[in-house]
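**Student:** Could you have a look at this structure, given as structure tokens, before my questions?
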Amino acid sequence: MDVAAPGERGCVTLMQKLSGQQLPWPVDWAVFFGTVRPLILEIGFGHGQYLVHLAERYPDHHIIGMEVASRCLQAAEGAIERQRSTNVLPIHATAEMALHHLFEPETISQIHINFPDPWFKHKHGHRRLMQRDTLDAMVSRLVTGGKLFLATDIRAYAEMSSQLLASTRGLDNLLPAPWMTAMPERGITTRYEAKALKMGETCHYFAYQRNMVPVTPLPVIKELAMPHIVFKTPLSLETMMAQFEPSEFAEGDTIIRFLNVYRGERALLLEIYVKEPTIEQRAAFLVADRPEPGEFTLKLSALGHPRPTVGIHRAAALLGDWLIGLDPANVVLKRSLLE
Ligand SMILES: C[S@@+](CC[C@H](N)C(=O)[O-])C[C@H]1O[C@@H](n2cnc3c(N)ncnc32)[C@H](O)[C@@H]1O
């Protein structure tokens, strides 16, 4: 895996363009940074001012930021370089993916969320950061005594978050009220905070602490073995390709789409999309011919660096069923799948 670890190379500029999809699951942060230090996570760091501020304020911590917008990553990387911060790492990943796949339980000492996108339309509700599953994942990743800070300028979001936080057994409120409307000890105003204050909006600040109440264990979700099917068929790659139709399968909270098929010299490339609760992947499977006549292997292509998850295995099973169903003479010779 060609990922520049700051601990190994000691150079901020080489820490760039890290993606959660390409990091080990979970990451051994001590090995990654080269030193053992408490971890601070900022989710949705935007242009990165608060991330850099955290790096300065906690020089003996490692600061890790998760952000989904590429343009924000670029801006934050610029801010980190200008500041010459060496204890901060911006990563391209959703918070949901990072919390479940990159961090072991009880490893984070602070989580900061500043002005999350509200996503108030009903159909977008699943994208909201402050929701039960994601909050439970945050709680499980905090060390005992670890802190969770949230700020929002949207009253309805504050009320919704307040209810959610107050009903979380693993957290205690550190404030004398559900939220404060000022928190000068934050030491810096973020971009969205400044916008809100300029428009005369009230900001709502929350501070919670992980207590000793046990919570449902949420082990880190690791990657699985590569899915793999070997089959024999009288059909040619052209005939298989001609029968491909885009389709969608919904299984519980997983959505699998067969998007497209492309023909290579000795293989078909099947483009797919898999949406699971913790990760979305656009990936491709290959149907590649084998030296033995009439034999083919269905396997995950390395294109786009897909990670073999339960959803990817389900997609392999569905593609395998489709391929085998194309002709009564088709036979499965080997099937390495999570069943
Ligand atoms: C309203 S902006 C706030 C930016 C910054 N924290 C501030 O206060 O100025 C919300 C940020 O969260 C990011 N974001 C949204 N959903 C996210 C997710 N699931 N995981 C990580 N970042 C996310 C967005 O790309 C955006 O940069």
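**Student:** Across region 65-88, what is the total count of residues that are buried (at least 23 other Cβ atoms within 10 Å of the Cβ) and under 12 Å from His53 (Cβ atoms)?
**Tutor:** The number of residues fulfilling the criteria is 4.
**Student:** Which of (1) out of contact with any strand residue (DSSP E or B) (no Cβ under 7 Å at 6 or more places or on another chain); (2) within 23 Å of Ala302 (Cα to Cα) does Val274 not meet, given it meets every other one?
**Tutor:** (1)
**Student:** While we're on this one: Residues of region 89-148 being more than 15 Å from the ligand (Cβ to nearest atom), closer than 28 Å to Ala79 by Cα and either open to solvent by 50 Å² or more (accessible area, probe 1.4 Å) or part of a helix (DSSP H, G or I) (or both), which ones?
**Tutor:** Lys147
**Student:** Another one. Tally the residues that are in contact with a Ser or Thr (Cβ under 8 Å, 6 or more places away or on another chain) and under 15 Å from Val261 (Cβ atoms), restricting the search to region 274-288.
**Tutor:** 6
**Student:** In contact with a Leu (Cβ under 9 Å, 6 or more places away or on another chain), open to solvent by 20 Å² or more (accessible area, probe 1.4 Å) and either among the charged types (D, E, K, R) or closer than 30 Å to Gln21 by Cα (or both) - does that describe any residue in region 197-213?
**Tutor:** yes
**Student:** Hey, can you tell me all the residues within region 49-62 that are farther than 14 Å from Thr86 by Cα and in contact with an Asp or Glu (Cβ under 9 Å, 6 or more places away or on another chain)? Explain how you work it out, then say what you get.
**Tutor:** The initial filter retains those residues of region 49-62 that are farther than 14 Å from Thr86 by Cα, namely 49-50.
The one that is farther than 14 Å from Thr86 by Cα and in contact with an Asp or Glu (Cβ under 9 Å, 6 or more places away or on another chain): Tyr50.
**Student:** Go through (1) surrounded by fewer than 21 Cβ atoms within 10 Å (Cβ to Cβ); (2) β-branched (Val, Ile, Thr); (3) over 28 Å from Glu223 (Cβ atoms); (4) free of Cβ contacts under 8 Å to residues at least 60 places away in the same chain one by one and return the number of the condition Thr35 breaks.
**Tutor:** The number of the failed condition is (3).
**Student:** How many residues are surrounded by fewer than 18 Cβ atoms within 10 Å (Cβ to Cβ) and not in a loop (DSSP other than H, G, I, E, B) if we restrict to region 277-292?
**Tutor:** 4
**Student:** Can you tell me which residue among Ala194, Ala156 is within 11 Å of the ligand (Cβ to nearest atom), over 30 Å from Gln22 (Cα atoms) and out of contact with any strand residue (DSSP E or B) (no Cβ under 7 Å at 6 or more places or on another chain)?
**Tutor:** Numbers: Ala156 fails: within 11 Å of the ligand (Cβ to nearest atom).
On inspection, the qualifying residue turns out to be Ala194.
Residue-by-condition table, conditions (1) under 23 Å from Val274 (Cα atoms); (2) under 18 Å from the mean Cα position of the chain (by Cα); (3) open to solvent by 10 Å² or more (accessible area, probe 1.4 Å):
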{"position": "Gly20", "(1), (2), (3)": "yes, yes, no"}
{"position": "Trp25", "(1), (2), (3)": "yes, yes, yes"}
{"position": "Trp29", "(1), (2), (3)": "no, yes, yes"}
{"position": "Ile40", "(1), (2), (3)": "no, yes, no"}
{"position": "Gly46", "(1), (2), (3)": "no, yes, yes"}
{"position": "His53", "(1), (2), (3)": "no, no, yes"}
{"position": "Arg57", "(1), (2), (3)": "no, no, yes"}
{"position": "Asp60", "(1), (2), (3)": "no, no, yes"}
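**Student:** Moving on to the next point. Would a scan of region 240-250 turn up a residue that is open to solvent by less than 30 Å² (accessible area, probe 1.4 Å), within 23 Å of Glu96 (Cβ to Cβ) and in contact (Cβ under 8 Å) with a residue 12 or more places away in the chain?
**Tutor:** No; the residues of region 240-250 include none that is open to solvent by less than 30 Å² (accessible area, probe 1.4 Å), within 23 Å of Glu96 (Cβ to Cβ) and in contact (Cβ under 8 Å) with a residue 12 or more places away in the chain.
**Student:** So how many residues does region 254-276 have that are modelled with pLDDT of 95 or more and either open to solvent by 30 Å² or more (accessible area, probe 1.4 Å) or in contact with a His (Cβ under 8 Å, 6 or more places away or on another chain) (or both)?
**Tutor:** 10
**Student:** Of all residues in region 149-185 being under 25 Å from the mean Cα position of the chain (by Cα) and assigned to a strand (DSSP E or B), which is nearest to Arg210 (Cα to Cα)?
**Tutor:** Going through the qualifying residues, I end up with Leu171.
The values are calculated or read from the model by the stated rules, or taken from the named source; none is laboratory data. All values reported here derive from a predicted model rather than from experimental measurement. Counting neighbours? That spans all protein chains shown, and the Cβs are built from the backbone with ideal geometry, glycine included. For accessibility, only protein heavy atoms count, side chains too; no ligands or nucleic acids. Shrake-Rupley method; radii C 1.70, N 1.55, O 1.52, S 1.80 Å.
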